[in-house]
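Chemist: The structure that follows is given in the form of structure tokens.
The values are calculated or read from the model by the stated rules, or taken from the named source; none is laboratory data. Since this is a predicted model, take the numbers as computed values, not measurements. Methodologically, a virtual Cβ is constructed for each residue, glycine included, from the backbone with ideal geometry; neighbour enumeration extends over all protein chains shown.
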Amino acid sequence: MGKKSREEREQKRESYAEKRTREKRKFTLIAGGVIAGVVIVIGITGYMFYQNTYTAPDAPPGAGTLGDEHEHAAIKVIIFKDEFDFSSPAFQVKNRYIHFENSNGDTIHRHASGVPLGFLFNTLNIGLTDECYIFPDKREFCNNDDYSLKFYVNHQKVPSILDFVLKDGDRILISYGNENGTQIEEQLARVDSVAIERSG
């Protein structure tokens, strides 16, 4: 009788120990899952905070990360046969994402993906629409019966460049006046003659 009672007590103890082991294992698995979930949430939150912090307040809408691309293009803006000079300090490095630099007014530097030319002109305080070119001093050159604003990218006439994202080596002409085909070809040749600066 004593032996049987002892065996029953040992079985109860073993059963209780197994039950406690199972409970501890279950608790450990639950705790591990909770900790893993917290780590994931912290990681996602940290990444989002980093992205928001790294995207500077001067970034254009829809732009990539600063430095994810570095493209260069030649440009000439010719108003009544006179070239607009972007080499003066007033037009140099007004935004980190797209700009003129090194006192060069013929090469645009784009330092992030998705930055359109319209944004460049906004940073320079130049009003540019599909129909008007407006100087910082508010002089306007708009389409009328006698004169027109024209855009060319790599010798191809385009209706607008506001949303155009330049690619490396592109050549861009903005022309205002009443030029004939020969005169436009001469202006395009001036754009072609630009030595694109690739430093910076």
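Chemist: From 126, 161, 172, which residue is in contact with a Gly (Cβ under 8 Å, 6 or more places away or on another chain) and either hydroxyl-bearing (Ser, Thr, Tyr) or at negative phi (or both)?
Modeler: Step by step, each of 126, 161, 172 is checked, and only 161 is in contact with a Gly (Cβ under 8 Å, 6 or more places away or on another chain) and either hydroxyl-bearing (Ser, Thr, Tyr) or at negative phi (or both).
Chemist: For the stretch 77-121, enumerate the residues that are assigned to a strand (DSSP E or B) and of a type in the set (Ser, Thr, Tyr).
Modeler: Selection gives 107 alone.
Chemist: Could you please find all residues in the stretch 136-176 being loosely packed, with under 14 Cβ neighbours inside 10 Å, in a loop (DSSP other than H, G, I, E, B) and of a type outside the set (S, T, N, Q)?
Modeler: The answer is 136, 137, 138, 139, 145, 146, 155, 159, 163, 167, 168, 169.
Each row is one residue, and each column tells you yes or no for (1) among the hydroxyl-bearing types (Ser, Thr, Tyr); (2) in contact (Cβ under 8 Å) with a residue 60 or more places away in the chain; (3) within 19 Å of residue 61 (Cα to Cα).
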site	(1), (2), (3)
83	no, yes, no
88	yes, no, no
131	no, no, no
153	no, no, no
158	no, no, no
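Chemist: May I pose another question? Could you please find all residues in the stretch 71-82 being surrounded by 12 or more Cβ atoms within 10 Å (Cβ to Cβ) and modelled with pLDDT of 95 or more?
Modeler: Taking the stretch 71-82 as the starting set, the residues that turn out to be surrounded by 12 or more Cβ atoms within 10 Å (Cβ to Cβ) are 71-79, 81.
Hits for the stretch 71-82 are 71, 72, 73, 74, 75, 76, 77, 78, 79.
Chemist: Does the stretch 90-120 hold any residues that are closer than 27 Å to residue 184 by Cα, without any contact (Cβ under 8 Å) to a residue 40 or more places away in the chain and aromatic (Phe, Trp, Tyr), and which are they?
Modeler: Listed by number, the residues that qualify are 91, 100.
Chemist: Here's a follow-up. What are the pairs with Cβ atoms under 6 angstrom where one residue, in the stretch 188-200, is over 14 Å from residue 71 (Cα atoms) and the other, located anywhere, is at pLDDT 95 or above and of a type in the set (A, V, I, L, M)? Sequence gap at least six, or different chains.
Modeler: From residues that are over 14 Å from residue 71 (Cα atoms), the pairs are 188/173; 191/74; 191/173; 194/74.
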